[in-house]
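These notes concern the structure reproduced below.
The values are calculated or read from the model by the stated rules, or taken from the named source; none is laboratory data. What you see is a predicted model, and the numbers here were worked out from it, not measured in a lab. Methodologically, a virtual Cβ is constructed for each residue, glycine included, from the backbone with ideal geometry; neighbour enumeration extends over all protein chains shown. Calculation scope for accessible area: heavy atoms of the full protein, side chains included, ligands and nucleic acids excluded. Shrake-Rupley method; radii C 1.70, N 1.55, O 1.52, S 1.80 Å.
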Amino acid sequence: IAEFGAAHVVMATGSKWRADGVGRATDRPIPVDSSVQALSPDDIMDGVPVKNGPVLAYDDDHYYMGSVIAEKLARQGFEVVIATPAAEISAFTANTLELARVVKRLDECGVALRTHSVLARVEGGEAQLIHPYTGRTQQLTVASVVMVTSRVANDTLFYSLQAYMEQEAGNKILTVGRVGDCLAPAAIFQAVYTGHKYARDFEEAAEATVAKRERVGLE
């Protein structure tokens with residue numbers, strides 16, 4: 001910044017997956033004792049060694065990631081169960097016309113499917129799943145659980161630069177903005193939208209009305 005003089009800074013530093021189970025169905029960390037390995041999708045993609053199965057892929061994200069993780073582990077030879085609080089596996093993929101293909105692919109890989117299943121705790125090598133409507137519980141033997149639940153923004157640098165701009169930078173930093181998952185973790189198309197919108201609105205006053213629509217009056 002010092003080299004280029006005054007600058008506008010926009011952060012696109014992404015996000016990371018939580019490994020504690022906090023998601024849509026559970027707003028507190030899910031208890032997992034030391035007998036079971038708790039992992040995130042980032043751990044799987046980074047090549048962290050997984051204990052021998054069974055492996056539970058707990059999907060409270062409802063898009064493609066849960067099924068991707070389950071398929072990856074199944075193809076590596078693990079016994080895999082995918083469980084979700086939703087009524088469908090990877091439920092959001094119904095909107096992208098992928099749901100039938102996703103379920104068929106998992107079935108072909110030998111992945112066991114569990115819907116209407118909220119993960120309550122993992123203790124002594126057993127995962128407790130609760131039906132969200134009936135309260136009925138079932139126990140599942142697991143060695144590892146992958147929490148595909150929610151993500152947190154990588155926004156530490158954003159807030160550090162913002163504080164630097166306000167306290168010390170003077171004219172070195174004019175504005176600090178953020179786009180994509182750094183603003184709010186979401187799907188890829190939403191990250192593309194926020195980047196596109198930031199570029200279009202750059203150095204222009206934001207309109208009071210975000211979305212305009214025609215109101216039709218009938219007489």
(1) within 21 Å of Pro31 (Cα to Cα); (2) of a type outside the set (Lys, Arg); (3) open to solvent by less than 50 Å² (accessible area, probe 1.4 Å) all hold for Thr137 apart from (3)
In the set Val103, Val111, Val192, the lone residue that is of a type in the set (Val, Ile, Thr) and in contact with a strand residue (DSSP E or B) (Cβ under 6 Å, 6 or more places away or on another chain) is Val111
Result of the Cβ filter at 6 Å on the stretch 66-77, keeping first residues that are on the phi < 0 side of the Ramachandran plot and partners that are surrounded by fewer than 19 Cβ atoms within 10 Å (Cβ to Cβ) and of a type outside the set (Ser, Thr, Tyr), at least 6 apart or interchain, is Glu71/Cys109; Ala74/Cys109; Ala74/Gly110
Practice prompt. Would you confirm whether any residue within the stretch 74-82 is open to solvent by less than 20 Å² (accessible area, probe 1.4 Å) and within 18 Å of Arg18 (Cα to Cα)?
Written response: yes
When every residue in the stretch 7-65 that is assigned to a loop (DSSP other than H, G, I, E, B) and basic (Lys, Arg) is compared, the one surrounded by the fewest Cβ atoms within 10 Å (Cβ to Cβ) is Arg28
Sole miss for Asn154 among (1) open to solvent by 80 Å² or more (accessible area, probe 1.4 Å); (2) modelled with pLDDT of 95 or more; (3) over 30 Å from Glu79 (Cα atoms); (4) among the polar types (S, T, N, Q) is condition (1)
